[in-house]
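What follows is a set of notes on a single structure, which appears directly below.
The values are calculated or read from the model by the stated rules, or taken from the named source; none is laboratory data. These numbers were taken from a predicted model, which means no experiment stands behind them. Here the Cβ is made from the backbone with ideal geometry for all residues, glycine too, and neighbour counts use every protein chain on show.
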Amino acid sequence: MQNVLDFINKLQQNNNREWFVENKKSFEDAKETASNLFNAVYNELKLTDNLEPLKIYRIYRDVRFSADKTPYKNHFSMYMGRLQPDFRGGYYLHIEPGNSFIGVGFFDPNKEDLLRIRKEIELDDELETILNSKDIKVTFGNLQGDEVKTAPKGFDKNHERIALLKKKQFLLIHKFTDNEVLSPDFYKEAANVFKRSRPFVDYMTDVLLTNLNGERV
């Protein structure tokens, strides 16, 4: 993985097409190393979870509607969606010098799913209990994600779980040091971190596949 971090470090200082073309061989080598890692993580996690096919993101940026016109991403990344319709949520791994991390959860729930999640939070404290469990807290810290400024429409701003009700995204984040990324067993550690999120993603799956009476929808 050293060649991956080295390439990204240089790319961050030379994010232009001329430099990229001149260093295409270094990119191809880094891409192969990153792809091998991503496939190893995927295969490890697939032993214990139900996953959609692995998605490895391209390094080329779509700059058509962006004020930032730099042509390349400054990281390598992958995404593993859980196998729908019976499993929900997804797993993201981001490799970048000084900023490698895992993201787990629900990045952009649709309007119906978001309302269903909020209704469940309003009804009981099970999600709060899971998020406050020792394993989740130690591994991921606090729940992350964008939120509304006040109470969502139709919900009490004084509700005891208003902090959760305000969430528009439900994300668990775990960061890695460069030394951790360089470990020969990093793929196992990354997979293990994903596995520790299972109480959270399994609970959210149960919510999204049932109504408020617990009946399958």
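Residues of segment 48-103 being out of contact with any helix residue (DSSP H, G or I) (no Cβ under 8 Å at 6 or more places or on another chain), under 19 Å from D202 (Cα atoms) and among the aliphatic types (A, V, I, L, M), which ones?
L83
Take the residues of segment 95-110 that are surrounded by fewer than 19 Cβ atoms within 10 Å (Cβ to Cβ) and modelled with pLDDT of 95 or more: which is farthest from R58 (Cα to Cα)?
If we filter segment 95-110 for residues that are surrounded by fewer than 19 Cβ atoms within 10 Å (Cβ to Cβ), which is where we start, we get 97-99, 101, 107-108, 110.
From the residues that got through so far, the ones that are modelled with pLDDT of 95 or more too are 97-99, 101.
On the way: P97: 18, G98: 20, N99: 18, F101: 18 Å.
Looking at residues that are surrounded by fewer than 19 Cβ atoms within 10 Å (Cβ to Cβ) and modelled with pLDDT of 95 or more, I get G98.
Okay, residues lined up against (1) modelled with pLDDT under 95; (2) surrounded by 16 or more Cβ atoms within 10 Å (Cβ to Cβ); (3) basic (K, R):
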position	(1), (2), (3)
L127	no, yes, no
V138	no, no, no
G141	no, no, no
G154	yes, no, no
N211	yes, no, no
